[in-house]
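The values are calculated or read from the model by the stated rules, or taken from the named source; none is laboratory data. Treat the numbers as computed from the prediction; the structure is a model and nothing was measured. Using ideal geometry, Cβ is built from the backbone for each residue, glycine included, and neighbour counts are taken over all protein chains shown.
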Amino acid sequence: MSELRGYLWLVPGLPLLAAALTALAGPRLLRRHSHWPCILASLAAGVLSMMVLAAVAGGGEAVERYDTWFAIGGLDVGVTLRADGLSAIMLVTVTLVGSLIAIYSVGYMAGDPGYARYFAIIALFIFSMTGLVLASNFFLLFAFWEGVGLCSYLLVGFWFLKPAAAAAARKAFLVTRLGDVGFILGILLIWSGFVYPHDPARFPGGSRIEDPTTGVVLLGHAVDYDTVFRGAEAQAPGLLAAVCLLLLCGAVGKSAQFPLSVWLPDAMEGPSPVSALIHAATMVTAGVYLVARSLPLFSAAPLYVPLTVAVLGTGTAMWAALIALTQNDLKRVLAYSTISQLGYMFLALGSATTKGLAAVAAVAAIFHLVTHAFFKALLFLGAGSVMHAMGNVIDMRRLGGLRHVLPITHVTFLCGAAALAGVPLLSGFWSKDEILGVAWAAGQTGQPFQSVYRVLFAVGLLTAGLTAFYTFRAYFLTFWGDERLPPEAGHHAHESPWVMTVPLVILAGGAVVAGLVLEPLTHWMSRLLGEHWLVMFGLALSGEALNHRWGVMALSSLVALAGVGLAWWLYGADLRREMVHRLAQRFPSLYEASLNKFYVDELYAFFIVAPMTALAAFCRIFDQYIVDSLVDLMGHVPGLVGRLLRPIQNGLVQFYALAMMLGLTVFLGALVWRLAR
Amino acid sequence: MRWLSFLVAATCLALSFVLAWRLVQVQETLPPHPSDARQLLKPTFRPVLVPGSTPEQPHATTWDLVPIGPGVVQFYIGLDGLNIWLVVLTGVLMLPAVLVSWRHITERVHEFFAWLLLLQTAMLGIFLAFDIVLFYVFFELSLVPLFFLIGIWGGPERRHAARKFFIYTLAGSVLTLLGVIAVVLACYERHGELTFSLPRLVEIVHSRLGLDSPEERAYWGNVQFWVFLALTAGFAVKVPLVPLHTWLPLAHVEAPTAGSVDLAGVLLKVGAYGFLRLCVPLAPDASLGLGLPLVTGLAAIGVLYGAYCAYSQDDIKKLVAYSSVSHLGVCMLGMFALNVVGVAGSLMQMVNHGLSTAGLFLLVGMLYERYHTRKISDFGGLAARLPLLGCFMVFICLSSVGLPGLNGFIGEALVLLGIFEHQWARGQFPWLAVIGASGMVLGAWYLMTMLQRVFFGPVREPTVAGHDGPSRDLSLREVATLAPVAILCVVIGVYPQPMLDAMRSEVQVIADIAQRARERMAAVPAVAERSFGPGEARAEGLQGGPGR
């Protein structure tokens, strides 16, 4: 019992209260003021998160069990919240970015008929996301995990009268749920498969079981983090690998990694602040969080497990960057860059091939997660500001030279773009550099797959260049060149109101300095994660591992600046854009493939969706005409028998008399014959 | 008349909650069941609050029904952990059933409510009965009111639907009667005691099974085999398990909304409840050896097949009907995991499915009242026109797909845990859990698609002849109809522990019964293999099943 117990539950509790209040009272009573409960609750949650962070940094990590959610037999799922380094950092990020985006939304969503509904769901989302990072057992995590998925569904389909939005909402829900099947099976496997030595002090969550063959008393049936992660080393390697890969399925779905990435670009149909909050800064990072949280499992698993994570992440990073090169929709460029950056985080986590590296990998991934939350939220809000001014037009071919029309948006967007591109000294630079550093180190361990990691490092470096290029391509196309305004903008296109620009400025400040302050100058991030989280599960962070690799740093700066320079040369002014067109016409198949997202949607529609639908239609017909007909056939049997027998009952007394006589004769004959024998 | 039925339903609801509260109190005073199977001498039910019980025998009754000797056929009803929540569910669903019929039923109103209340009597009777004959009487009685409800107040094909429903389920339950009589006679022949009391029968069966003689073993192996088949025939139709489900969509589509609510919400649970109350305790070895592969196999097929059938329906009511097939498949998977977690999950799933499916049927009924059609292709963007109805629909759909925090998740999670544990502990690949989990995605697939087509996208309303003005959103009466269901969905999802606590000891009894059967099977594997080999079992089961 610590001092945290008193207010830890309030961090998710207040937004939940706000959500309920807005949902019930919003449409009738609050109306134009529906944003107040949400904003106040998320700001209060932000302050409380800071207090949690301070408490944790002062050595006050705590696991608080408030109640039992459900327990029967060997199962015991508690409402258990956990404050440690990882959850504290996530909490602060979520509530801070969440509050800023809620404030921004006041301007962006003004006048929308679903104003109250919007803020109710945003508050519900902040509740779910803070709950997700605070949960201390897998079932509670899964519950909040689905909760954020629900909010994503409701917000992507916020303008549900648009068919594209309705379809995107369903797609987002179904694709992530596909990953969640793996996730829940992973949890089942942890519950059933993992056994621990009988030591209730070390493994608080297990219940007593007996090995049926040997009669040895063990602990099993645990789903809480402490038990599962501390017992990771004791499990069979194959089992551990299976668990990790199943959990990875869930992470891949939520974080839109390769096979399940198709939902995220479509999710841009939601309002822009939603894209910023859910589909860039927080919810999509839940997959990264899950793998980071389960790092004790992943680092104890056989080496091919982290390798899978790394390959998947790097592949996705590269693939999404290639698609982002040619997209014309500003928000889609940003969506693919989100997928790509999440891929980077998975690369970092997948580089955890040794105990020492695992800790560094976790720090690198979470560091990038935090900085990315700032600059990607900023970029999406900037794009939203552009849409707001341009009458909801976001096609970059119809925009241009907006730097004079939207001066504040322009400067803040530039900050975000530079941070994403990895321009030296900005926040994205530091975190991306750590990721590349970990990947480099994983290539030098002398372990079986080290050469693969060298390739991954090279691919990661190349992707950094691509990232810089497509980010600045989008920036130059939107803000430079000749001034072009779409007719939808009206005659007085103007900068957004202050409720929208102030959050932009604050986030821009974060995008510029957060990276420098958090890690290279103070080492806050690594100290907090190392001392107040990793060490609990036996992963120590050595000082030497954190030293910056100057070579890697120089190389990545060079690549990033080259990307920016190339973008400037090609897109900085209108005259050279012709050249790009000609280049695209020289290689039409490559260009088309990238523009059409490598046809993944079409492939899925053909190979998965169509067969499923066909099977469903087949089942319907089979059920109606085969199964039910068989039943009806059985139903006709008595009728048929009756019809066969009916002629006998013909109502003729003579016939009945004849039948009686014949029957009597046969009976008597049989009797006589029987007696005679 | 409406007000009278409303009052009766409300009283019933209040009473059921009082009973639940009393049961929890009584359970606290009872000595707990020993948790270790080996210490438990009499693995049987101990109903409490039995009317007509004496202080010496608190779990039995003295109210005789048929004067052919003391304690033969008795009016023996009681409560325990297995039936209490189903009784509450019946009470909860009666109120919406009455309210939704308020305006909808305009012809022969008195009769309608009379049948509806008789249906409730029958359903409560089934759940409460501890006398096997009484159980059967109520079991058959439940068919009659529903037959008339469908046949008189149903849709255009009501006669066909009513007849098919009646004959199909009757054919199954006639075999059930055979099974019931067989158990009683077998106990009479071997033990010399003629009794129809369920707890006593279970006790006798287990005392005979515990005897260590090959002759006794062979005799009971045979009895159990046939008893199991006979009981299964009736209950599998009711659940319904997959090849025997085709009466269900028809009956649902034609039934009036109140009939659908009670049919899906409560009556389908009778099948599952029968498996739990009669099949497993009276034929434990057969349930394990033959029922496990047969029932879980059919249930797994049902999970997938029902979902696929649901997806391609154009009638929303049919979609919901097929979703019941899928969800009850999950329920049966959990039950035949035959361990504590799985059985508890199965019971939770029964209640949860009752709530969410009843909610869906209520909503579909309200749509139908407004537009006189249920075709998905007729609708579009209704959430803009009927925001409150759309809200409730999204909410109930989410509960049905098992979103954590709402009721559906608790049942599904427990079932999956139970069935996974069952297969994992025996070194099998947990494919049943994989199928159960994929049911979660498929459930989301058809329900979300329905939502998208009906409630989202551009507004498309069917034109209704003789309708004045645009359709109105939910009235206060309709909100009052849906509110109890919706509130319970949240309450069960967030705080299911009281429900689990109340059912704990009886679920333990079922698990103990199964554990004893496992030990017997392990002791004589050869016999077990011979009498209930899976291949032979499946063929037999399919023959015994469809009936006529």
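Brief remarks follow.
- Meets criteria (at pLDDT 90 or above, assigned by TED's automatic domain parsing to the domain that holds residue A:459 and either more than 16 Å from the chain's Cα centre (by Cα) or in a helix (DSSP H, G or I) (or both)) for residue A:322: no
- Those helices (runs of 4 or more DSSP H) of region A:85-183 in which at least 1 residues are within 19 Å of residue A:252 (Cβ to Cβ) and out of contact with any strand residue (DSSP E or B) (no Cβ under 6 Å at 6 or more places or on another chain), considering only elements entirely within it, cover A:115-134, A:138-156.
- Being touching a residue at least 60 places away in the same chain (Cβ under 8 Å), under 16 Å from the mean Cα position of the chain (by Cα) and closer than 21 Å to residue A:86 by Cα is a description that applies to residue A:376.
- Test set (1) surrounded by fewer than 24 Cβ atoms within 10 Å (Cβ to Cβ); (2) facing chain A (nearest Cβ under 10 Å); (3) under 19 Å from residue B:241 (Cβ atoms) - residue B:418 fails condition number: (1)
Let's see how each residue does on (1) modelled with pLDDT under 85; (2) farther than 30 Å from residue B:397 by Cα:
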| residue | (1), (2) |
| --- | --- |
| B:478 | no, no |
| B:484 | no, no |
| B:490 | no, no |
| B:502 | no, no |
| B:509 | no, yes |
| B:517 | no, yes |
| B:523 | yes, yes |
| B:543 | yes, yes |
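- Looking only at residues in region A:207-221 that are without any contact (Cβ under 8 Å) to a residue 24 or more places away in the chain, closer than 27 Å to residue B:436 by Cβ and not charged (D, E, K, R), the one that is farthest from the other protein chains (Cβ to nearest Cβ) is A:218.
- Residue identified as under 19 Å from residue B:125 (Cα atoms) and assigned to a strand (DSSP E or B) among B:65, B:93: B:65
- Any hit, region B:173-183, residues being hydroxyl-bearing (Ser, Thr, Tyr), within 22 Å of residue B:354 (Cβ to Cβ) and in a helix (DSSP H, G or I): yes
- Residue within region A:104-124 that is within 20 Å of residue A:285 (Cβ to Cβ), crowded, with 24+ Cβ neighbours inside 10 Å and free of Cβ contacts under 8 Å to residues at least 60 places away in the same chain present: no
- Residue in region A:214-227 that is out of contact with any Gly (no Cβ under 6 Å at 6 or more places or on another chain), part of a helix (DSSP H, G or I) and closer than 19 Å to residue A:539 by Cβ present: yes
- Subset of region A:174-186 [facing chain B (nearest Cβ under 9 Å) and either buried (at least 24 other Cβ atoms within 10 Å of the Cβ) or among the charged types (D, E, K, R) (or both)]: A:177, A:180, A:184, A:185
- Condition check for residue B:462: outside any helix (DSSP H, G or I) and closer than 21 Å to residue A:164 by Cα: no
- Every pair of residues 6+ apart whose Cβ atoms lie under 6 Å, when the first sits in region B:373-386 and is at the interface with chain A (Cβ under 10 Å from one of its Cβ atoms) and in a loop (DSSP other than H, G, I, E, B) while the second is buried (at least 22 other Cβ atoms within 10 Å of the Cβ) and not aromatic (Phe, Trp, Tyr): B:381/B:457
- Hits in region A:72-91 - residues which are of a type in the set (A, V, I, L, M, F, W, C) and modelled with pLDDT of 90 or more: A:77, A:79, A:81, A:83, A:86, A:88, A:89, A:90, A:91
Conditions (1) of a type in the set (Ser, Thr, Tyr); (2) closer than 10 Å to residue A:351 by Cα; (3) part of a helix (DSSP H, G or I); (4) within 26 Å of the chain's Cα centre (by Cα), marked per residue:
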{"residue": "A:431", "(1), (2), (3), (4)": "yes, no, yes, yes"}
{"residue": "A:435", "(1), (2), (3), (4)": "no, yes, yes, yes"}
{"residue": "A:441", "(1), (2), (3), (4)": "no, yes, yes, no"}
{"residue": "A:445", "(1), (2), (3), (4)": "yes, no, no, no"}
{"residue": "A:448", "(1), (2), (3), (4)": "no, no, no, no"}
{"residue": "A:454", "(1), (2), (3), (4)": "no, no, yes, no"}
{"residue": "A:460", "(1), (2), (3), (4)": "no, no, yes, yes"}
{"residue": "A:463", "(1), (2), (3), (4)": "yes, no, yes, yes"}
{"residue": "A:468", "(1), (2), (3), (4)": "no, no, yes, yes"}
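- Sole residue being under 27 Å from the mean Cα position of the chain (by Cα) and farther than 19 Å from residue B:304 by Cβ, chosen from B:419, B:435, B:410: B:410
- Against the test of being acidic (Asp, Glu), in contact with a Lys or Arg (Cβ under 7 Å, 6 or more places away or on another chain) and part of a helix (DSSP H, G or I), the options B:215, B:203, B:189 yield a single qualifying residue, B:203.
- Residue check, residue B:429 of a type outside the set (Val, Ile, Thr), surrounded by fewer than 21 Cβ atoms within 10 Å (Cβ to Cβ) and in a helix (DSSP H, G or I): no
- Against the test of being out of contact with any strand residue (DSSP E or B) (no Cβ under 6 Å at 6 or more places or on another chain), part of a helix (DSSP H, G or I), of a type in the set (A, V, I, L, M) and without any contact (Cβ under 8 Å) to a residue 60 or more places away in the chain, the options B:389, B:360 yield a single qualifying residue, B:360.
- Test: residue in region B:66-73 that is at pLDDT 75 or above and of a type outside the set (Ser, Thr, Tyr): yes
- Elements of type helices (runs of 4 or more DSSP H) in region A:578-651, at least 3 residues being within 14 Å of chain B (Cβ to nearest Cβ) and either farther than 30 Å from residue A:258 by Cα or among the basic types (Lys, Arg) (or both): A:610-621, A:628-645
- Criterion: modelled with pLDDT of 90 or more, among the β-branched types (Val, Ile, Thr) and surrounded by 14 or more Cβ atoms within 10 Å (Cβ to Cβ) - qualifying residue of A:535, A:552, A:564, A:631: A:564
- Test: residue in region A:67-80 that is among the small types (Gly, Ala, Ser), farther than 28 Å from residue A:371 by Cα, within 25 Å of the chain's Cα centre (by Cα) and in the same structural domain as residue A:119 (by TED's automatic domain parsing): yes
Yes or no, residue by residue, for (1) among the acidic types (Asp, Glu); (2) more than 14 Å from chain A (Cβ to nearest Cβ); (3) surrounded by fewer than 23 Cβ atoms within 10 Å (Cβ to Cβ):
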residue: B:183; (1), (2), (3): no, yes, no
residue: B:187; (1), (2), (3): no, yes, no
residue: B:192; (1), (2), (3): no, yes, yes
residue: B:197; (1), (2), (3): no, yes, no
residue: B:209; (1), (2), (3): no, yes, yes
residue: B:229; (1), (2), (3): no, yes, no
residue: B:240; (1), (2), (3): no, no, no
residue: B:244; (1), (2), (3): no, no, no
residue: B:268; (1), (2), (3): no, yes, no
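- Conditions (1) surrounded by 24 or more Cβ atoms within 10 Å (Cβ to Cβ); (2) more than 30 Å from residue A:268 (Cβ to Cβ); (3) more than 11 Å from chain B (Cβ to nearest Cβ); number of the one not met by residue A:201: (1)
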